[in-house]
1. How many of the residues making up the stretch B:299-312 are farther than 13 Å from residue A:112 by Cα and either facing another protein chain (nearest Cβ under 7 Å) or free of Cβ contacts under 8 Å to residues at least 60 places away in the same chain (or both)?
2. Restricting attention to the stretch A:180-196, does a residue exist that is in contact with a Ser or Thr (Cβ under 7 Å, 6 or more places away or on another chain) and either over 20 Å from residue A:87 (Cβ atoms) or open to solvent by 20 Å² or more (accessible area, probe 1.4 Å) (or both)?
3. I want to confirm something. Restricting to the stretch A:94-106 and keeping residues that are outside any loop (DSSP other than H, G, I, E, B) and in contact (Cβ under 8 Å) with a residue 24 or more places away in the chain, which single residue is most open to solvent (accessible area, probe 1.4 Å)?
4. Here is a list of conditions, (1) in a helix (DSSP H, G or I); (2) more than 12 Å from chain B (Cβ to nearest Cβ); (3) open to solvent by 10 Å² or more (accessible area, probe 1.4 Å), and residue A:152 meets all of them except one; can you say which number that is?
5. Somewhere in the stretch B:318-329, is a residue within 14 Å of chain A (Cβ to nearest Cβ) and under 19 Å from residue B:379 (Cβ atoms)?
6. Open to solvent by 10 Å² or more (accessible area, probe 1.4 Å), in a strand (DSSP E or B) and at negative phi, is that true of residue B:191?
7. Kindly indicate whether any position in the stretch B:87-109 is at pLDDT below 80, surrounded by 14 or more Cβ atoms within 10 Å (Cβ to Cβ) and outside any strand (DSSP E or B).
8. What pairs come out if I take residues in the stretch B:138-160 that are in the same structural domain as residue B:114 (by TED's automatic domain parsing) and pair them with residues that are among the aromatic types (Phe, Trp, Tyr) and part of a loop (DSSP other than H, G, I, E, B) whose C-beta lies under 8 Å away, six or more apart or interchain?
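The values are calculated or read from the model by the stated rules, or taken from the named source; none is laboratory data. What you see is a predicted model, and the numbers here were worked out from it, not measured in a lab. As a convention, Cβ positions derive from the backbone with ideal geometry for all residues, glycine included, and neighbour counts pool all protein chains shown. The area values use the complete protein model at the heavy-atom level, side chains included, leaving out ligands, DNA and RNA. Shrake-Rupley method; radii C 1.70, N 1.55, O 1.52, S 1.80 Å.
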Amino acid sequence: MQILLQQIIPTYFEKEQISGSEIWDKNITFSKGEHLHIVAPSGSGKTSLIHFLYGLRKDYEGTISYEKENIKNFSLEKFSIFRQKNLSIVFQDLRLFNDQTVKENIELKRQLNPYHLPLKINEMAKRLGIANKLNRLAKTCSYGEQQRIAIIRSLMQPFGFLLLDEPFSNLDEVNRSKAFELIKEECKQRNASMIFADLKELEFFKGERILKL
Amino acid sequence: MVQTILPLLNSNKNNISKWISYFGLGIGVVLLLSSMQMFININNLLKENNPKKTGFDFISITKVITNDNMGKDNTFKDDELTEIKSQPAVQDAVPLISNQYRVKASAGTVIPFSTDLFLESIDDNFIDTVPPTFTWQPGQQTVPIIFSSDFLELYNVFAPSQDLPQLSGKTISSVNIILEIYGATGVQNFKGNIVALSDRINSILVPKSFMQWSNQSFGGVSKVNPSRIYIKTKDANDPKLISFLDTKNYHLNKDKTKFGRIKKVLQNIVSALGVFGILVIVLALMLFSFYLQLMIAKSKENLQLLLTLGYSPNWLSKTVAKTWIPVYVFVVIAAVAITALLHLSFVKISFVERNDLPYFLHWSVLVVGILLLLLSVFTNYRLVKKELYKIV
C-alpha cells in the first residue's frame, strides 16, 4: 500500500512559503512499512498536511492518492471505512471526548474495528504511566496525560499508516521514549508506517527517512 | 456499541418539545385510527341487513315528476338504461314494461268488484317468487299474475268498508279474475290467476311474453320505453349510487336509502376527524424533527469527532434514529390500545343488541398503526442522516 503526493500546495499559501520545502509541490511516495519523519517549523503547514492526508481538509492543489485513488473522490462512507482499517491518527489538538472517562475514550475507538482486546488498554496505560487515570474524565487529565491517551487510542485499530502530529510535545524524555517504543512495536506488528511530524528533528529517527516541510 | 455513543448525544432530558411531540403523535394516531375504525363501524352498522336470499338490494327508480316535465315523456331511453347499468354499484338494471292499452279487472260474482288496472312485466330473475306456472304462450286463455303483497295488504284494509271479503295470501290464488282488455280490434277477455305474491316488486306482474304480445295486439306498439327501472345492487345505501341518482334527478324509495344518507354524513364527519388526525401527526413529527435538529446541533462537536475517528455516517444515523424506536413503539401501541378501548365501548354502549360488530379492531387499522410507526422511524433516520452530513 502506498500514499502518493503529487504537487500538493495549500491553496492559501504564498509562493515563498513553499520554496525550500521537500514536500510541498513535490512528488512523494510513502510506502507501507517505511517510517517517515517530517520536520516542520511553525507556520510551515505541518498540521495542514496531516489534515490533508487524513481527509479532513480539501483546500489544496495537486492530488493525494491512496492505492492510486484520489482521496478527494472518496465518499464519506468510504473514508470512514478507510479510517477504521488503514489510517490512524494522533491529532496535535488530541481531540478527546472531554466528558468521557479515559477508558471510554479509548474504547470508543477500539470497538469500531478491534485490533486489540480490551485488556490491552490497561496494559498500554500501565506502560505509559496512566493506568491510574483510566476511570477519570479526560478533561481532568493533564495535557501530557491526554497526549498518552490519544496515542493509546490511535493504537487500538488496524492501520497501514499512523499519522502523528507533534504527539510528544508535552512529554518528558522518559515518557517520550516509552511512547515511541510502544508506537514502534505496534507499527511493526502491523507492518505499518508512521508519518511523524514535529517541529524539530527527533533522534528516534536517526537513519530513517526525514523530509523537511 | 450503542451504549457508549449515546452519552455523547446532548439530549436534554427536560426538553419540553420532545414530550409535546410524543404526546401529539399519540393524540394524532388515536384520532386517525379511531376515525378509521368508526368509518368501518358505520359501514357495517348501516348496511341494510335484512337477510335477502341473494344478498342484493332491489330498488325501483322513476324520473322525478316536476311541474316542468309534467305531461312530457318521462320514460327511460335505451342510453339512459345503459348508463345506469354502467354504474359500478349497479349489478344489473332492467325495465318494467307496462301495458299500452286499457285493462279492466273484475272478480266475477263471488267478489263484486271491478276496477281499471295496470299490468307490468319484468325479467323473471328480478322477481323473488317465480313459480314454474308463471309462463304464457299465444293462445293461452289463462294469464298467470304475480301480485304485490303490499297491494294485497292495501286491499285488505279497504275491503271491509266496501263490503268485500278480506283475502289471505293463500285464498287469493283461488280467486278467478277476469281481465278485460280493450284494443283497437275490440275487447278480449282473459282469465287471470294469481300464482304468487311478491314482497319485492310493487306491481301486478304478468309474463313478459304476454306483455309483448298484448302490447302489440291491443296497443299496436312493439317497443315500449319503461317509466320504471329496477336496479339490482349490493347495497342500496351506496353513497356513490345515491349521488348518481340524485344528479340524474331519478326518484327512488327514500325509505330504503335514508340510511345511506345518514351514513354519508357520518362518514364525512369521521373522515374530517381522520384528516385532522393526520394533520396532528404531521405537526408532531415536525416538532420532533426540530428537537432532533437542536439535539444534533448541541452534540455537533461530539458527532464530528465520532465521524473523524472513523464512525460511518450511515451507522451513526441508524444508531441515533434507533434510540427512539422504543418510544415510538410505545406511543403507537398505547394509541392502538386506546383506539381499541374506544371501539369496545362504542360496541358495548351504543349497540348492545347488535352482534354484527366484532369486538376487536379491524385489521386495516392495525396495519395503518404499523405503517405510522415505520414512517416515524424512517423520517427520523432520514433527518438525522441529513443533519449529520451537514456537520461533517
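1. Step one: of the stretch B:299-312, the residues farther than 13 Å from residue A:112 by Cα are B:299-305.
Still in the running and either facing another protein chain (nearest Cβ under 7 Å) or free of Cβ contacts under 8 Å to residues at least 60 places away in the same chain (or both): B:301-302, B:305.
Looking only at that region, the number is 3.
2. No: the stretch A:180-196 contains no residue that is in contact with a Ser or Thr (Cβ under 7 Å, 6 or more places away or on another chain) and either over 20 Å from residue A:87 (Cβ atoms) or open to solvent by 20 Å² or more (accessible area, probe 1.4 Å) (or both).
3. Taking the stretch A:94-106 first, the residues outside any loop (DSSP other than H, G, I, E, B) are A:101-106.
Checking which are in contact (Cβ under 8 Å) with a residue 24 or more places away in the chain leaves us with A:101-103, A:105-106.
Working: A:101: 26, A:102: 1, A:103: 71, A:105: 0, A:106: 0 Å².
My answer is A:103.
4. (3)
5. We begin by selecting, within the stretch B:318-329, every residue within 14 Å of chain A (Cβ to nearest Cβ); these are B:318-319.
Now narrow it down to the ones that are under 19 Å from residue B:379 (Cβ atoms): B:318-319.
Yes, the conditions are met somewhere in the stretch B:318-329.
6. yes
7. Taking the stretch B:87-109 and keeping what is at pLDDT below 80, we get B:107-109.
The next check asks that each one be surrounded by 14 or more Cβ atoms within 10 Å (Cβ to Cβ); those that pass are B:107.
Still in the list and also outside any strand (DSSP E or B): none.
Among the residues of the stretch B:87-109, not one is at pLDDT below 80, surrounded by 14 or more Cβ atoms within 10 Å (Cβ to Cβ) and outside any strand (DSSP E or B), which makes the answer no.
8. B:143/B:136; B:144/B:134; B:144/B:136; B:146/B:134
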